[in-house]
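Some notes on the structure that comes next.
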Amino acid sequence: MGQNALTIITRILPDQIEALGKLLDEIGGDITGNSWIRFHAIKSVQFACWVILKDDPNFPPILVMESSHDGDTESHLNDLVTFGMAGLNAIYSKCEGFPFNFATAEQMKLYLNSHSVSTPAFYIGVPGQSLPSIQNAIDIRKTIENFLDTVDLTEVPLSTVQSRIQQHLKTSGINPQISPITLDQQASRAKRNLILLIIVLAPLLLLLSPIWFPLLIIYVIVLRKIEKADAAAPQLPPLPIDPRLFDHEDIFVQNHLTTLVNVKPGKFRLGTLKVILWIISLLAKIYFITGQLGGIPTIHFARWILMDNDRRLLFFSNYDGSWASYLGDFVDKANYGLTSVWSNTESFPPAKFLFWGGAQHIEEFKQWSRQHNVLAPVWYSAYPDETLWNLQKDIQIRDTINTSLNRAELETLLQRF
Amino acid sequence: MLDLPDIQGIVTSGYAHMPHSRYLFLTVTNQEQAKLWLKSVCPHITTSARRSPGEAKPHFAVNIGFTSLGLSAIGLVVDAVNTFPREFLQGIAHGERARVLGDTEDSAPDRWEFGGPDTDEIHVVLLLYATSAAHLETISTQVWDSSMPNNGLKKAYCQESFKKGVDEPFGFRDGISQPAIEGVPGKINPGQSVLKAGEFLLGYMNEYGVMPPMPTVAANIESTAALNISSANPTRREFACNGTYLVLRKLSQDVDGFHKFLDEQTRNPDNTSNQSRQTWLAAKMVGRWPSGAPLTLCAASDDPQLGVDENRNNSFNFADTDLEGFACPIGSHIRRANPRDSLPPNPKKSAMVSDRHRVIRRGRPYEAMESEKKEQGLIFIALNADLQRQFEFIQQTWINTPKFGGLYDTKDAISADNDGTGVMVIQQKPVRLKIHGIPRFVQVRGGGYFFLPGIRALRFLAES
Ligand code: HEM
């Protein structure tokens, strides 16, 4: 079962902003124990958050909900209304266009559906792994881990180590639910897709080069002119940093990032941004399917949303480790992609030829990011203490423990713990 | 080109031939007097200028740093102070920094002996080094003495350190692996990274190939210091040029607890102590043997000749021969503090990333008797151009993280914020060995984030 993105955008009733903030703080303050939304009971949600966007006076106050869920929207919405009706009603009664005192399940689904927006680019860390599958993998690894902690295997011949583990799993009553597509298969799929893409694109590009090449030259000349003008333009005053961001970070191993920025004015920038997002979206579907978004190995889910008539770009990411390491990863491993997206937005450190410069100015880039980070008062992860790297190991352990392995494979497997 | 005479000496030298040192923490009580005092010490500040041939090695060295409060207290205008980065402005004891660094429980700033919220505000640190105890006294009385009349400063704390040998208190050779600064003359040892000057000094290109932001002052402030006009903004001058940030942390080491723990974990079947196994376990925690010999190069037992040999003791990487961590465990102190080429996605990228998170370490051990008990540890000192990206990153993202290198739940056994439930994983065949119940062997007792100005900037501070 594949994972999908749901994004719901609603306008907040101006006199309800404060009340909504309080409510979200209350829900987020006790994310698994609150009585408004019983997240743990929702078996289709892997990550979810609500954010309030209200600081820019040029835009109306807005509430955005994102969830990364298993299966189709319909069944996910069903889950949401089943386990979160009280919360959803309390939240959306503070938003525009909600004509109910207490919406019924059907009314709520209709409301949410009608406010859901498309996600131009969506990245998944472990594609094809539903929440039950992920939880099964975690359970299996932990069970084996506990077993290894209690027995001494130093004198046991390697050939019997595997059968002892299998035996232990059996007696513990946990069955490995093998992935429909293993991580190795996913990796070869990525390779194959890339080759296919090149085979299709290369002759096309070659054939059409008399058309696009001159166009590209013109594009680059215009781009560079605009970039130089941008770099010379007076800088916008720095935005204040929300100090609450820091209290919400590093509570778990995973963290959440919401970044909201204004797209630079003009069709040129917007057009460029849309093309780049389209390319990222394509690559996310066919190539970034092995747990690396342009080389960054710590992202569980990420998405980009264009909102307010394409005037603002919203980015959501659920990642492992500290904010500083995440931003560092971005620059170390995905600098070109990153700069090509955000150099089309305001206040980003100056880029050269769309891909160069930009985020390479690491300190300015981090400041820019902090200033555009928005607090997510409600943030839920179904497995907040697992890194993507952990998950990948867990899945590999689960998928191979009951298969026949040669000596080298078995040794590799045992080193994953 | 590096402007060596404008750079404080500690950036380019650890003053190895001066075993005596004193760290004096001062509070400014009168700005005008303190400025006059600063003017009088400027000529004493040791710089990085090379000695001329035949010139004798000096008997002492003096360096000076300021906290952000200290810069204000000595009279740097507020719009200039505010051009410094957030971490420095907050200071090491700020709640946000404490969380990042894991300074909690017994290591929390409100329990510190100095530099915390409940102790005297620290403005200035004087770093004094000397070849003998007598020379240390001489230089101390020359530079700052509480008996000096009206000097506008009072003592907040004083820390002595005497370097007996090359070992830190747990018994391991320290100060082996250091990055070198491109453009500083000197011998480069095999395996030593040579990094762009911008990693350790402001005003130079860094490892990202860019000039980092520069704290500045208004250009119209009168001074003979001749600070450069900022290339980005002609109305400002580059105040921080040739300066750097110095992290100082008093780290108390529970040496008895450390050895007791090693003993308990390695007893023979008949419950007698196993000395060689204890050394083995400690070496697995550190990643080097007591002599300094890296486990990656000699996994089975210590090799003291290798340990002392500068040409070999740091000449190794992990990816080729030790990616799985069978020799030097993935979670060991040196592998976390500098993962070299061992992290994904590939060795080349990993080495590049590691080089973007290095510090120059200038720490020295300390020792004192406290109510009949020997209290000892490390006055940890690190120099870097970006506190967040270098020092804090190493502490937070590598040392304190339970997930380092794909592991599940293990922090650095030596210098992380363990809480007694810590786990250490030692990779071996067929399956790893797990050591449970790791306590916090190292507690933080005080510290500060200091800015070490260039020599001209010091004069600027004293004059303007
Ligand atoms: C009392 C606490 C500590 C002790 C006993 C200790 C001990 C050691 C020892 C024995 C070495 C190996 C010798 C060498 O390469 O110089 C070492 C290396 C190192 N330590 Fe520590 N250390 C402590 C705290 C820290 C802290 C807090 C940090 C940084 C945040 C740190 C960063 C490093 C680095 C960067 C290296 C060099 C790694 C390499 O390049 O291979 N240490 N330490």
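The values are calculated or read from the model by the stated rules, or taken from the named source; none is laboratory data. Predicted model only: the values in this text are computed from it and were never measured. Cβ: placed from backbone, ideal geometry, glycine included. Neighbour counts: every protein chain shown. Surface areas here come from the heavy atoms of the whole protein model, side chains and all, with no ligands, DNA or RNA. Shrake-Rupley method; radii C 1.70, N 1.55, O 1.52, S 1.80 Å.
Out of A:N136, A:N113, I need the residue that is touching a residue at least 24 places away in the same chain (Cβ under 8 Å), open to solvent by 40 Å² or more (accessible area, probe 1.4 Å) and not assigned by TED's automatic domain parsing to the domain that holds A:R189. Which one? Quick ask: steps written out before the conclusion?
Working: A:N136 fails: open to solvent by 40 Å² or more (accessible area, probe 1.4 Å).
So the residue among A:N136, A:N113 that is touching a residue at least 24 places away in the same chain (Cβ under 8 Å), open to solvent by 40 Å² or more (accessible area, probe 1.4 Å) and not assigned by TED's automatic domain parsing to the domain that holds A:R189 is A:N113.
Which of the residues that make up region B:378-394 are assigned to a helix (DSSP H, G or I) and either more than 10 Å from chain A (Cβ to nearest Cβ) or over 21 Å from B:Q90 (Cα atoms) (or both)? Steps first, please.
Kept after step one, since they are assigned to a helix (DSSP H, G or I), are these residues of region B:378-394: B:388-394.
Passing the criteria: B:Q390, B:F391, B:I394.
Give the residue that is nearest to B:Q192 (Cα to Cα), with candidates limited to residues of region B:366-383 that are open to solvent by 20 Å² or more (accessible area, probe 1.4 Å) and within 14 Å of the ligand (Cβ to nearest atom).
Residues of region B:366-383 that are open to solvent by 20 Å² or more (accessible area, probe 1.4 Å), as a first pass: B:367-376, B:378, B:380.
Now narrow it down to the ones that are within 14 Å of the ligand (Cβ to nearest atom): B:367, B:375-376, B:378, B:380.
On the way: B:E367: 30, B:E375: 33, B:Q376: 30, B:L378: 23, B:F380: 21 Å.
Restricting to residues being open to solvent by 20 Å² or more (accessible area, probe 1.4 Å) and within 14 Å of the ligand (Cβ to nearest atom), the top hit is B:F380.
Looking at the structure I just gave you, is B:K429 within 9 Å of chain A (Cβ to nearest Cβ), farther than 27 Å from A:E249 by Cα and either in a loop (DSSP other than H, G, I, E, B) or within 16 Å of the ligand (Cβ to nearest atom) (or both)? Step through it out loud before you land on a result.
Working: within 9 Å of chain A (Cβ to nearest Cβ): yes; farther than 27 Å from A:E249 by Cα: yes; either in a loop (DSSP other than H, G, I, E, B) or within 16 Å of the ligand (Cβ to nearest atom) (or both): yes.
It is true that B:K429 is within 9 Å of chain A (Cβ to nearest Cβ), farther than 27 Å from A:E249 by Cα and either in a loop (DSSP other than H, G, I, E, B) or within 16 Å of the ligand (Cβ to nearest atom) (or both).
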>> Given the options B:A282, B:A293, name the one that is without any contact (Cβ under 8 Å) to a residue 24 or more places away in the chain and open to solvent by less than 10 Å² (accessible area, probe 1.4 Å).
In response: B:A293
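Please go through region A:395-417 and pick out each residue that is open to solvent by less than 20 Å² (accessible area, probe 1.4 Å), in a helix (DSSP H, G or I) and more than 11 Å from chain B (Cβ to nearest Cβ). Show your work before the answer.
Narrowing region A:395-417 to residues open to solvent by less than 20 Å² (accessible area, probe 1.4 Å): A:395, A:397-399, A:401, A:410, A:413-414, A:417.
Pick out the ones that are also in a helix (DSSP H, G or I) and you get A:395, A:397-399, A:410, A:413-414.
A:I395, A:I397, A:R398, A:D399, listed by residue number.
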>> Given (1) within 14 Å of chain A (Cβ to nearest Cβ); (2) away from the ligand (no atom under 16 Å from the Cβ); (3) surrounded by 12 or more Cβ atoms within 10 Å (Cβ to Cβ), identify the lone condition not met by B:Y245.
In response: (2)
> Mind checking which residues of region B:334-351 are open to solvent by less than 20 Å² (accessible area, probe 1.4 Å) and more than 13 Å from the ligand (Cβ to nearest atom)?
Replying inline: B:S350
>> Looking at the structure I just gave you, is B:T421 of a type in the set (S, T, N, Q) and either under 24 Å from B:A327 (Cα atoms) or crowded, with 24+ Cβ neighbours inside 10 Å (or both)?
In response: no
>> So the check is Cβ under 7 Å with 6+ separation or different chains; which pairs have a first residue in region A:293-315 that's on the phi > 0 side of the Ramachandran plot and a second one that's assigned to a strand (DSSP E or B) and of a type in the set (A, V, I, L, M)?
In response: A:D310/A:V263
>> I'd like the residue in region A:149-164 that is in contact with a helix residue (DSSP H, G or I) (Cβ under 8 Å, 6 or more places away or on another chain) and assigned to a loop (DSSP other than H, G, I, E, B) and, out of all such residues, is nearest to A:Q415 (Cα to Cα).
In response: A:L153
> Among the residues of region B:136-182, which ones are part of a strand (DSSP E or B), open to solvent by less than 40 Å² (accessible area, probe 1.4 Å) and within 28 Å of B:V286 (Cα to Cα)?
Replying inline: B:Q159, B:S161, B:A180, B:I181
>> Checking A:F252 against (1) of a type in the set (A, V, I, L, M, F, W, C); (2) part of a loop (DSSP other than H, G, I, E, B); (3) without any contact (Cβ under 8 Å) to a residue 12 or more places away in the chain, only one condition comes out false. Which one?
In response: (3)
>> Among (1) modelled with pLDDT under 95; (2) within 30 Å of A:F246 (Cβ to Cβ); (3) not in a helix (DSSP H, G or I), there is one condition A:Y383 misses while meeting the rest; what is its number?
In response: (1)
>> Of the residues B:G287, B:G331, only one is within 14 Å of the ligand (Cβ to nearest atom), open to solvent by less than 20 Å² (accessible area, probe 1.4 Å) and within 14 Å of chain A (Cβ to nearest Cβ); which?
In response: B:G331
> In region B:341-362, is there at least one residue being more than 14 Å from chain A (Cβ to nearest Cβ), in a strand (DSSP E or B) and not polar (S, T, N, Q)?
Replying inline: yes
